[in-house]
1. If you check Thr72, Thr67, which single one turns out to be under 21 Å from Leu129 (Cα atoms) and at pLDDT below 90?
2. Just checking, how many residues over the stretch 1-33 are among the hydrophobic types (A, V, I, L, M, F, W, C), buried (at least 19 other Cβ atoms within 10 Å of the Cβ) and within 25 Å of Asn81 (Cβ to Cβ)?
3. Got at least one residue in the stretch 88-101 being in a loop (DSSP other than H, G, I, E, B), more than 26 Å from Arg12 (Cβ to Cβ) and at pLDDT 90 or above?
Amino acid sequence: MSDDIKIYYGERLDKPLILENKEYEGYEYYIITLGSHPCCYVLLPKGHCYHGEHYDDIPIECHFGLTYSEPTLFRDNIIENGEWVIGWDFAHYGDYLSYKLPLVEGDEKGKKWTLEELRRTVIEVVEQLRRDNLEAN
């Protein structure tokens, strides 16, 4: 997909739209938009040191921290192969939200993330996941 794809739609979509679904260093990931803001998800295979852990217990640094950890993606897609999904969103202080008031007082826009910037956050998270899993095993 091109990096100039539409991420913000001015309203929340009825269901998430997948912007990118690829693999990096053996970890499958999704970059999606909810229309109002983007989110990123990484699938952890069985045997990973964080598999099955709640996101509050996973010491990964990303944009305002992890906000998701479930055996499903998008709440209606059960991952059949035993993977665990972790994720984070871009709907925080200073981020652009296309359906609400800005999160920064006086800022009418907020930060609009590009696909390349979102992809870089995924790569940073995967590098941490790889390091932590190597150290744990």
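1. Thr72
2. First, the residues of the stretch 1-33 that are among the hydrophobic types (A, V, I, L, M, F, W, C): 1, 5, 7, 13, 17-19, 31-32.
Those left that are additionally buried (at least 19 other Cβ atoms within 10 Å of the Cβ): 7, 19, 31-32.
Going one step further and asking which of them are within 25 Å of Asn81 (Cβ to Cβ), we end up with 19, 31-32.
Going through the stretch 1-33 one residue at a time, the tally reaches 3.
3. Checking the stretch 88-101: not a single residue is in a loop (DSSP other than H, G, I, E, B), more than 26 Å from Arg12 (Cβ to Cβ) and at pLDDT 90 or above.
The values are calculated or read from the model by the stated rules, or taken from the named source; none is laboratory data. Note that the structure is a prediction, hence the values are computed from the model and not measured. Quick reminder, even Gly has a Cβ in these numbers, built from the backbone with ideal geometry, and neighbours come from all protein chains shown.
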